[in-house]
Each structure stands twice: as structure tokens, then as C-alpha cells.
Amino acid sequence: MDYRSSMESSETLRNKCAACYRQFNKMEHLVEHMKISYHSGHEPTCGVCKKHCRSFESLREHLIGPLPKQECKNIFSLRGCRFCMTILESPNARRIHQERCQFSSVNSGLTTRMAALGLRDKAMIDYTSSRSPRVVALSCKMVGGGSDGSLDLCARVCITDESDNVVFHTYVKPSMAVTSYRYETTGIRPENLRDAMPLKQVQRKIQEFLCNGEPMWKIRPRGGKARILVGHGLDHDLDCLQLEYPSSMIRDTAKYPPLMKTSKLSNSLKYLTQAYLGYDVHFGIQDPYEDCVATMRLYMRMRYQKHKIEAYPLAADAQNRSNQVAWRQSEVERMSPDDMLSISRSDYYCWCLDSLA
């Protein structure tokens, strides 16, 4: 290799992103990439080559996809957990870890659990108790309204805590006539809704429970008493319940960037549960308790990831706006790729931050 080729190769290597390993011909192109990529320690990262990926789905493709990085694939096939995507010290350590990492289905004993619960129309949590849950999961099941039965009406709602205990569970009497009970998937019959709790009363109970004594305008993600709400497609559930809740207190597995799929296919709860928890849901009649448990387990898996603790972990933080997001071109171009990565911050709220609240 002649001197000129050697210099060009060295320059290209210098312009290689320290996170996703993309290479650029010029330093200014790398700087522009870093401005819009928002690489950070909160991104899913390959345990072999340390490449940052935008989502666990893209990490999965990197390790076991149709065109994986061969070295990483070989190591992952021997020592990698297919649920949490971590690399273990040995094949035996991987076997032991994966047995613990894989959750069992909640279908077993579910009917008995619900029968024992009954349909008591009250929240079974003492709001003043120190053991009152900070995080709860909510799921609804809908029946159909309107002339063709296509209008979603909330007919059943369930709330659980972090330990899979039922906090609130009731059938809901819709505010308009039901034209399709969708029994094949909901299991709901007309007699279930005949004496059910009216929608307005359900709204009030859930609102009071979530706010936990705080006015809506005063709710904040840290240091307050209001509860974090977990679910899948919560916008739709809250809309059907005609409830409002601050977005800063919502953790939606359908919208969380690390859980998003790289293709246009839906990241359904059925897929996420199978891929990241290791069991199947949504066979036959769908129970809201099962959905609550699945979304809470996904949330807890994301929440307890070990990431570097930073004083200002978000690109939107005021401190980062003045010092980092501006990315003064002349200064940044003199940095190494590693230095650029060290000042880059995430553009989404990582759920691991809830563990610090």
C-alpha cells in the first residue's frame, strides 16, 4: 500500500462512528451523523463487538438475522440468551441463565384466579399503605358498537401491580348500545354487562387510583405520588375509557423505541411476549389480566437493564442543550469518534431511569 492509500485508509478509520461503526469519507459527515443519531449507552449493544443498535430487533438481526455478523453470530449461538440478548461466560452459564430468563405463561390457573377474585368492583389497594404500588399495568377488552359493530367500547378492564397481583378488575357497562360482543376473543356475554359498573364510575375509580391524591396539573415523573402506568397501546385504552393521564407517566410497550421492529410489521404484544419473555399469548379468548402481566414483565425487563448513570441522560435536558446538542462544528471536528460518543445523549426516555427515581 502506498503512502497516499495508507493516509486515506487512516482518515476513513478516523471517521468511523464509535457506536454503530458506520464509516464516512469526511469528518464533517461523521459529525452530521452524530448530530441526528443520538447514540448513547441506553441503546441495545452487541455483547461481542459492542456495536450500538437502535432497537433490540436490529440487535437481533445483527446476531441471528439473515445477514448477521458471522463472528458475533458464532459466539451468540454458543453463549447468548435469545430473550434478553446478553452474552454469558460459557454455554453452561447460558443454559442456567436462559432457564431463569424465560417466563412461564400465565394461562395456567388463570380461570381459577379470576373465579376466586370474583368481579369485585373496588380497588383492593389501601391508598395510604407504604406498600401501595408505584407502577401498575392496565389493559382493556373491547366490544363493538355502532351499526356494524366496529366502534370499540370498553367492556372489561384490569389493573395489576409489579408482582402480578390484581389491583382492580371489573366489567364495564358501555355508555351506548353494544352491537357485537366479539365473544370469540373477548369471552364477554350480555349477562356480564347487565349489572356491570357504569363507565363514569370506572373512570373516577381509575383516575383517583392513578393520581394517588395528586392534582393532574401537579403530576411529575419523579418525586411525586402519582403512579407510572404500563400497557400496550395505551392511547387507545385511555381513549375508550375517556381518561387523560400525563404522557410522562405512561410506559407503552407499543411505542418504546428499543422494542420497536425494524420492519413495517406491527410490534404486537403477542410478538414481544414470544420474543422477549419466551411464551405465547392471545390464543382463543383474550384476558386483560394476561395482557397486564405481559406488559409489566416487558417493562421490568427494560427497566432493570444496567446502563451508565449520567447526570443529564437526555438530549432534551437543558444542560445538554447548551453544551452538547449545539455541537459546535469546529470543536467537534477535532474530537475523536469516542469523544463524540461520550457527549452524545439519547433522544428517548430510557425506562432504566425509573429505577433511579
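Here the simple spin-label model places points 7 Å from the Cα toward Cβ, and for residue 214 and residue 29 these points are separated by 4.7 nm. Taken about its Cα centre, region 275-357 carries a charge dipole of roughly 260 debye when the Cβ of each Lys and Arg holds +1 and the Cβ of each Asp and Glu holds -1.
Please build a GNM for the chain, connecting alpha carbons under 10 Å apart, and tell me which residue among 172, 281, 332 fluctuates the most. Per the Cα network of the chain with a 10 Å cutoff, 332 tops the list.
Gain on full extension, evaluated as 0.36 nm per residue between residue 334 and residue 177 minus their Cα-Cα distance, stands at 49.8 nm. Against the longest principal axis of the chain, how steep is helix 70-79, in degrees 0 to 90 to the nearest 10, with axes from Cα atoms? Its long axis makes an angle of about 50 degrees. Legend: calculated FRET efficiency, residue 148 to residue 317, from the Cβ-Cβ distance at R0 = 56 Å, rounded to 0.05, equals 0.70.
Computed from the Kirkwood radius of its Cα pairs, the Stokes-Einstein diffusion coefficient for region 165-278 at 37 °C and 0.692 mPa s stands at 198 µm²/s. Of 179, 45, 253, the residue with the greatest mean-square motion in the GNM of the chain, using alpha carbon springs below 10 Å, is 179. Taking a temperature of 25 °C and a viscosity of 0.890 mPa s, what whole-number D in µm²/s does Stokes-Einstein yield for the chain with Rh from Kirkwood over alpha carbon pairs? Once the numbers are plugged in, D ends up at 107 µm²/s.
Once you divide the Cα radius of gyration of region 239-282 by 2.2 N^0.38 Å, the number left is 1.38. The radius of gyration of the Cα set in region 214-344, together with its Dmax, comes out at 19.0, 61 angstrom.
The amide H of residue 170, built 1.01 Å from its N in the peptide plane, has 157 as neighbours under 5 Å, considering only residues 5 or more places off or on other chains.
Pairs exceeding 28 Å between alpha-carbon atoms, taken from 51/225; 35/270; 255/306; 200/261; 26/261; 16/270: 51/225; 35/270; 200/261; 26/261; 16/270. Comparing Cα centroids, region 125-198 and region 245-308 end up 19 angstrom apart. Placing a pseudo-label 7 Å from each Cα along the Cα-to-Cβ vector at residue 104 and residue 282 gives an inter-label distance of 2.5 nm.
Multiplying the residue separation of residue 86 and residue 200 by 0.36 nm and removing their Cα-Cα distance gives an extension gain of 36.5 nm.
Laboratory data are not the source of any read-out in this text; all were calculated from the coordinates shown. Here the structure is a predicted model, which is why all the values come from computation and not from measurement. Positions of Cβ are backbone-derived with ideal geometry, glycine not excepted, and every protein chain shown enters the neighbour counts.
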